[in-house]
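J.: First the structure, then my questions, so here it is.
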Amino acid sequence: MSNAVVLQGVGRLGSAILEGWLLTGAVDPKDLIILTPSEKPVAEKARALGARINPPLETLAEAKAFVIGVKPAKWVEAAQDILPHLSKDAVIVSVMAGVPEATISAGFDGRKVVRIMPTTGVAQGKGVASLWSSDAHALAQGMALFEPIAETAVLDSEDLMHAATAVSGCGPAYFFAFTRALAEAGVAEGLPEDVAVRLARATLRSAAAGVVGDESLDALIDRVASPGGVTRAGLEVLNENGALDRPVQGAVKAAVDKSTELSG
Ligand SMILES: NC(=O)c1ccc[n+]([C@@H]2O[C@H](COP(=O)([O-])OP(=O)(O)OC[C@H]3O[C@@H](n4cnc5c(N)ncnc54)[C@H](OP(=O)(O)O)[C@@H]3O)[C@@H](O)[C@H]2O)c1
């Protein structure tokens, strides 16, 4: 077995992963084997750097890792032709939402599996990825592939994948919804709509840029909100009697429930 890594599926997430690997050098393009039914710009970029696209299936025997980047409804069918050619020691890396480790392992004749839930920010090397595996070697393989392109969190149990998805996978939409509400509140206070939206969007970008290192969230808040000041007055209303905490907890709970239902 060599250092070869197979990526099966170059859709929205597969493209982002590939972009991130090329950007950071996490995987040497010469070690990349890409399986894709249709031509994809990022796969062609990888090919120009030495990656192999849809090579003869016997080549897959070299792979130390096989990354499943197809839809959950497609993986069983997509594995059929591959399976006879994969090394017994190849680690199966699944980024599929909701398909349990045991199910994937059974589908790949008992091979070790690591489950990873990344965000598409991996394309810029700034993703978030939660990892789960019951096997230490598979987990290490997943970390080697995703640590260079994402902030990683190793989960203590597979069940926590639902909560991790609800926080980091759904979270961006919640921040955007808050940003929209902030813009609407600005309009209510007299700002023209285009100005309010531009200010709110830029504030989201600017706030994110300020989240560096491991400064606590309370310290980040204190940096903006001085005691007795304007921001503090707003914050006191924002979470009066848990006014903010309650809907956020409700939203995360609803997402966990939906994720659990879809994987059942
Ligand atoms: N999108 C996200 O933000 C996100 C986040 C976390 C997890 N995920 C997971 O990532 C997986 C992919 O999601 P996606 O949003 O990237 O879906 P997508 O854009 O539909 O991509 C799926 C890709 O799979 C390819 N494909 C289908 N059959 C194949 C086969 N036999 N061999 C090789 N490739 C094949 C398709 O190729 P063609 O384009 O040629 O049809 C398509 O590009 C899903 O399991 C999803 O749960 C996605």
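J.: Specify the inter-centroid distance of the range 72-137 and the range 19-35, based on alpha-carbon positions, in whole Å.
T.: That distance is 17 Å.
J.: Write out the trypsin sites (Lys or Arg not before Pro) in the range 25-76 meeting two conditions: DSSP loop, and at most 16 other Cβ atoms within 10 Å of their Cβ.
T.: Lys74
J.: Quick one: which residues, 5+ away or cross-chain, put their amide H under 5 Å from the amide H of Met96? H built at 1.01 Å from N.
T.: HN-HN under 5 Å from Met96: Ile116.
J.: Amide H neighbours of Ser130 under 5 Å, at least 5 residues apart or on other chains, H built in the peptide plane: list them.
T.: Distant-sequence amide H within range of Ser130: Met117, Ala153.
J.: Once fully extended, how much extra length lies between Asp222 and Asp245, figured as 0.36 nm per residue of separation less the alpha-carbon to alpha-carbon distance?
T.: 6.5 nm
J.: Of Gly50, Val256, Ala78, whose Cα points farthest to the positive end of the dipole of the chain (charges on the beta-carbon: +1 Lys, Arg; -1 Asp, Glu; origin at the Cα centre)?
T.: Value computed over the given set: Gly50.
J.: How much length is gained if the chain between Ala136 and Asn54 is pulled fully straight, taking 0.36 nm per residue apart and subtracting their Cα-Cα distance, in nm to one decimal?
T.: Length gained, Ala136 through Asn54: 26.5 nm.
J.: Got a sec to turn the phi values of the range 136-143 into Karplus ³J(HN,Hα) couplings, 6.51 cos²θ - 1.76 cosθ + 1.60 with θ = phi - 60°, whole Hz, x for Gly and Pro?
T.: Taking θ as phi minus 60°, the curve returns 5, 5, 5, 4, 4, 5, x, 5 Hz for the range 136-143.
J.: Still on this structure, I have one more. Past 26 Å, Cα to Cα: identify those pairs from Lys45/Lys88; Lys40/Lys126; Lys45/Lys71; Lys71/Lys258, in the order given.
T.: Beyond 26 Å between Cα atoms: Lys45/Lys88.
J.: Let me ask something else about it. Say the dipole of the range 124-200 comes from +1 at the beta carbon of Lys and Arg and -1 at that of Asp and Glu; which of His137, Gly125, Thr152 then lies farthest toward its positive end?
T.: Toward the positive end, the furthest listed residue is Gly125.
J.: Got a sec to turn the phi values of the range 159-165 into Karplus ³J(HN,Hα) couplings, 6.51 cos²θ - 1.76 cosθ + 1.60 with θ = phi - 60°, whole Hz, x for Gly and Pro?
T.: 4, 5, 4, 5, 5, 5, 5
J.: If you don't mind, there's one more thing I want to ask. Report the equivalent ellipsoid semi-axes for the range 139-264 in whole Å, largest first, defined as the square roots of five times the eigenvalues of the gyration tensor built from alpha carbon atoms.
T.: Values for the range 139-264, descending: 31, 19, 16 Å.
J.: Can you tell which of Ala173, Gly9, Gly228 lies farthest toward the positive end of the dipole of the chain, using +1 and -1 charges on the Cβ of basic and acidic side chains (Lys, Arg; Asp, Glu)?
T.: Of the listed residues, the answer is Gly9.
J.: Could you put Val27, Val212 in order, starting from the residue whose Cβ has the fewest other Cβ atoms within 10 Å?
T.: Val212, Val27
J.: Please report, for the Cα atoms of the range 27-130, the Rg to one decimal and the Dmax as a whole number; what are they, in angstrom?
T.: Computed over the Cα atoms of the range 27-130, radius of gyration and Dmax are 13.8, 37 Å.
J.: Each residue of the range 166-181 in order: what ³J(HN,Hα) in whole Hz does its phi give by Karplus 6.51 cos²θ - 1.76 cosθ + 1.60, θ = phi - 60°, with x for Gly and Pro?
T.: Per-residue couplings from phi come out as 5, 7, 8, x, 8, x, x, 5, 5, 5, 5, 5, 5, 4, 5, 4 Hz.
J.: As a test, work out the antiparallel percent of DSSP beta bridges whose residues both lie in the range 1-140, rounded to the nearest 5.
T.: 20
J.: What is the sum of charges, Lys and Arg at +1 and Asp and Glu at -1, for the other residues whose Cβ falls under 12 Å from the Cβ of Val42?
T.: +1
J.: In the chain, what % of DSSP beta bridges are antiparallel (nearest 5)?
T.: 15
J.: For Leu7, what residues show an amide H to amide H distance below 5 Å, using hydrogens built from the backbone and excluding near sequence neighbours?
T.: Long-range HN contacts for Leu7: Ile33, Ile34, Leu35, Val67.
J.: Might you report the magnitude of the Cβ-based charge dipole of the range 4-156 about its Cα centre, with Lys and Arg at +1 and Asp and Glu at -1, to the nearest 20 debye?
T.: It works out to roughly 260 debye.
J.: When a footprinting reagent is the concern and you count Cβ atoms within 10 Å, what order do Ile17, Ile221, Ile104, Ile92 take, fewest first?
T.: The fewest-first ordering by Cβ neighbours comes to Ile221, Ile104, Ile92, Ile17.
J.: How long are the three semi-axes of the equivalent ellipsoid for the chain, computed from the Cα gyration tensor as the root of 5 times each eigenvalue, in whole Å, largest first?
T.: 40, 20, 16
J.: Additional query: Just to confirm the filter: which GluC sites (Glu not before Pro) across the range 172-209 are DSSP coil and have at most 16 other Cβ within 10 angstrom of their Cβ?
T.: Glu189
J.: I'd like the antiparallel share, as a percent to the nearest 5, of DSSP beta bridges with both residues in the range 109-264.
T.: For the range 109-264, the DSSP antiparallel bridge percentage is about 45.
A short reminder: the numbers here are calculations on the coordinates, not readings from a lab. Treat the numbers as computed from the prediction; the structure is a model and nothing was measured. Note that we place each Cβ from the backbone using ideal geometry, even for glycine, and neighbour counts take in every protein chain shown.
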